[in-house]
């Protein structure tokens, strides 16, 4: 019986692994992807993590993993399909059939991209429809693209694509952005970014590849088609929490209800990173979550 199972190896899970090894806990990290790092590995540049200004997202993710490896953290690749708990233990079953048990668990499984759910999106996914500009932007050099969204990620995606593409439409359903003012200002200064505000994408068109999008103005009702080669969707995230819903309480959006200590509704289950309820989802807050969650695990284990 291990002390701890950590699910996910993004910044929260990797920080938890580092702190767990420093606390000499018998733990294992389960990661469903072939590589650790979470969402940040798809980010071109991280400029808000203290002390590592302008470091590439992939490089930062690898630094986190190298630190955990150096301390002897044990990793297993696998997708969690069943999660259950009693007051004595937590049981995790992987898609491969492997089963792991521990006294506690930290769920740091993160979140996935939210779809637009419009006609053509699923059919053209991977054929011009993408959710990661830094992953797929290179395929659209000197072409015309569109970004849908109003947060930091959407505006940053538009800026990234503006360096590669002939033109970028930035489509947002409101007339103001949620994104930080500095990046919105930078986007406005880019000569090849065209703002399409108060508008939503109603359809993505094309036969074997994306050829155009239908855009509707939510105030006037007017609809027009824009010829594009690619569409990048950045309208938020969905927490990867479905498999845990019977073990811990979720909020109305599906996030695991947990405070900064990582404590959930189950005494031996903790949550960290983007999967938990929180106001700010950034690398620095994810790392803090991982540290706090392990401290809570230690306090729980000492109380047994």
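The values are calculated or read from the model by the stated rules, or taken from the named source; none is laboratory data. Since we're looking at a predicted model, the values are computed, not measured. Cβ sites come from the backbone with ideal geometry, for glycine too, and all protein chains shown count toward neighbours.
Does the stretch 1-37 hold any residues that are assigned to a helix (DSSP H, G or I) and within 25 Å of residue 94 (Cα to Cα), and which are they?
Result: 11, 12, 13, 14, 15, 16, 17, 18, 19, 20, 21.
Give the residue, chosen from 221, 230, that is out of contact with any strand residue (DSSP E or B) (no Cβ under 9 Å at 6 or more places or on another chain) and at pLDDT 95 or above.
After ruling out the rest, the residue left standing is 221.
Return a yes/no flag: does the stretch 38-51 have any residue that is assigned to a loop (DSSP other than H, G, I, E, B) and modelled with pLDDT of 95 or more.
No, the stretch 38-51 has no match at all.
What's the number of the only condition in (1) touching a residue at least 40 places away in the same chain (Cβ under 8 Å); (2) closer than 23 Å to residue 245 by Cα; (3) out of contact with any helix residue (DSSP H, G or I) (no Cβ under 9 Å at 6 or more places or on another chain) that residue 1 fails to meet?
Among (1) touching a residue at least 40 places away in the same chain (Cβ under 8 Å); (2) closer than 23 Å to residue 245 by Cα; (3) out of contact with any helix residue (DSSP H, G or I) (no Cβ under 9 Å at 6 or more places or on another chain), residue 1 violates only (2).
Of these, 177, 270, which one is surrounded by 17 or more Cβ atoms within 10 Å (Cβ to Cβ), in contact with a strand residue (DSSP E or B) (Cβ under 8 Å, 6 or more places away or on another chain) and either closer than 30 Å to residue 146 by Cα or assigned by TED's automatic domain parsing to the domain that holds residue 101 (or both)?
On inspection, the qualifying residue turns out to be 270.
Which count do you get for residues in the stretch 61-98 that are out of contact with any strand residue (DSSP E or B) (no Cβ under 9 Å at 6 or more places or on another chain), loosely packed, with under 15 Cβ neighbours inside 10 Å and not in a loop (DSSP other than H, G, I, E, B)?
2
For the condition touching a helix residue (DSSP H, G or I) at 6+ places or on another chain (Cβ under 7 Å) and under 23 Å from residue 277 (Cβ atoms), what is the one hit in 108, 23?
One residue alone meets the criteria, 108.
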